[in-house]
Amino acid sequence: MKTKTDVLLGLQWGDEGKGKIVDVLTPSYDIVARFQGGPNAGHTIEFGHKKFVLHTIPSGIFNRRAINVIGNGVLIDPFVFDREIDSLSSSGVDITANVLISRKAHLILPTHRLLDAVYEKAMGKEKIGSTLKGIGPAYTDKTARKGLRVGDLDLPDFDKRYRKVRSQHLKLISLYDVDFKNIEIEGMSFEIYEKRWLEKLKRLQQFKKTDSEYYLNEALAQGKKILAEGAQGTMLDVDFGAYPFVTSSSTTTAGVCSGLGIPPSKVGEVFGIFKAYCTRVGSGPFPTELFDETGEKLREKGQEFGATTGRPRRCGWLDLPALKYAIMLNGVTELKMMKADVLSGFPEIKIATHYKINGQLTEKVPFGAEKENTEVVYKTFEGWNESLEEMTDFDNLPKQLKTYIQFIESEVEIPIRLVSVGPNRKETIIR
Ligand code: GDP
Ligand code: IMO
Ligand code: MG
């Protein structure tokens, strides 16, 4: 085995800027592979005057040379996928030649979307704040061994299988006190949406399908370079996030092995990406959340509105205990800090260094949402006013920002090798 697979994944609650950095790194790779999640992801890429948001397609797609693999761990919704292809091709990006889809990737069915909506409605105030893309129900079916996979589309009895699962879902929905006839999917009634969805299967069938575990391991044997692209973030991991306010997949490095069929011994560098502050969209604990003007200013300056749902993101200061937890779980070898430019113009900037739970100081992320008993301990840093736009050299960054970066590095003992100072591909400082 000549090469290893490098990994780039989010260390916070998603939306760290994974899409941007995968795009920046792609010229050094032959293959970019998504290993988990589905259209709940929204990965933004900007270059020149163009901006794209990807949901299912890996962020290596703008480099003509790279092959983009949708791995077995990913969920595909043929409807969302089709719309994504259309929006790319209307901008002149033809993806048919450069995308390979695992036969083992599971399909998100229209009734998964319904189930997601019904479960959330039934939970009322306790809802997860799901993106309503059908993620939870589709992964549930995968582990319950009832799911349908991309490879199943080739089976002569696919239609029969689809009808069977569909009718099971509708039975399940009837148990809930929710009138599903009023639920819209992508602005359509269920019947109309399902009709469209079934039409889109043909488009999906035009793509090259592969046994991606063989494809990727053979590529490694030939010395090809692979970058695995994470979706969501470590703090949304189904095991390690603040359950149940999580997504339904393994968002950590462990997910690379199961989601692509790459053995642990063939994982190379692990690039952990984090914002210089924190954001979260959806419900669930967020210890450093700011409910004041400072939080509002972060949201405005950082344009913190969801790339998939448009929801405003909750904003707060950097959470060091959570960052250390994520670095530990992923075996991060190198850090990349995003959105440093957003912090320009704040008189002071804080970092949470500890939690105080029931009066006890700790650096460990607590079991659940013990918000009432949790106090956050901060260290305060002097801010800076200089705009970071146009900055290309680490040495020229404001000294207060360098102090901020050095403090984080000294705490986590992992180098920050990249500082991002704007959404555009070129607004990236590599140390
Ligand atoms: P992803 O899901 O991790 O790929 O991240 P998203 O695309 O959902 O959210 C990141 C947002 O921040 C996008 O709108 C990016 O264009 C933007 N962005 C990325 N890096 C930077 C940066 O360094 N500075 C600023 N101001 N915006 C950035
Ligand atoms: P990217 O890849 C931010 C959040 C949802 C919700 C929880 C569960 O763009 O970083 P789900 O739809 O998965 O059942 O929702 O997870 N969530 C994300 N938050 N970025 C994402 O993806 C997310 N994908 C899911 O808001 O709180
Ligand atoms: Mg996103």
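The values are calculated or read from the model by the stated rules, or taken from the named source; none is laboratory data. Given the structure is predicted, the values throughout are model-derived calculations rather than measurements. Don't worry about glycine lacking a Cβ; one is built from the backbone with ideal geometry, like all the others, and counts go over all protein chains shown. Protein only, heavy atoms only, side chains kept; ligands, DNA and RNA dropped before computing areas. Shrake-Rupley method; radii C 1.70, N 1.55, O 1.52, S 1.80 Å.
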Fill in the blank from the handout: Normalised Cα Rg of segment 180-320, dividing by 2.2 N^0.38 Å with N its residue count, works out at 1.37
Fill in the blank from the handout: SASA check, Lys50, accessible area w/ 1.4 Å probe, all protein chains in place, rounded to nearest 10 Å², comes out at 100 Å²
Completion exercise
Given 20 °C, 1.002 mPa s and a Kirkwood radius over Cα pairs, the Stokes-Einstein diffusion coefficient of segment 250-409 in µm²/s is 124 µm²/s
Problem - For segment 109-224, the spread of Cα positions along each principal axis, largest first, Å - result: 55, 32, 26
Practice task
Roll a 1.4 Å probe over the protein heavy atoms and report the accessible area of Lys364 in Å², nearest 10.
Solution key: 150 Å²
Practice task
Starting from the exponent 0.38 and prefactor 2.2 Å, build the expected Rg for segment 330-414 from its residue count and divide its actual Cα Rg by it.
Solution key: 1.31
Practice task
Would you calculate the separation in nanometres between label points at Thr374 and Ser174, each defined as 7 Å from the Cα along the Cα-to-beta-carbon direction?
Solution key: 4.2 nm
Fill in the blank from the handout: Between the alpha carbon centres of segment 364-426 and segment 49-63 the gap in Å comes to 26 Å
Exercise for the section: Determine the gain in length on full extension of the stretch Lys164-Ile95; use 0.36 nm per residue of separation and subtract their C-alpha separation, reporting nm with one decimal. Expected result: 21.6 nm
Exercise for the section: Using only the alpha carbons of segment 35-146, determine the length spanned along each of the three principal axes and report them from longest to shortest in whole angstroms. Expected result: 44, 31, 19
Problem - When segment 1-90 is reduced to its Cα atoms, the Kirkwood hydrodynamic radius in Å - result: 13.6 Å
Fill in the blank from the handout: the chain -> Rg/Rh from Cα coords, Kirkwood Rh, value 0.96
Handout entry: Value of D in µm² per second that Stokes-Einstein yields for segment 371-418, Kirkwood Rh from Cα pairs, at 20 °C (1.002 mPa s)
Key = 165 µm²/s
Practice task
Could you state the angle between the C-alpha long axis of helix 212-221 and the longest principal axis of the C-alpha atoms of the chain, as a value from 0 to 90 degrees rounded to the nearest 10?
Solution key: 50 degrees
Completion exercise
Expressed in angstrom and rounded, the centroid-to-centroid distance over alpha carbons for segment 12-29 and segment 134-161 is 30 Å
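For the chain, give me the percentage of DSSP beta bridges that are antiparallel, rounded to the nearest 5 percent.
On the way: 27 of 63 bridges.
Of those bridges, close to 45 percent are antiparallel.
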Fill in the blank from the handout: GNM on the chain, Cα springs under 10 Å; top mean-square fluctuation among Ser91, Ser250, Ser59 goes to Ser91
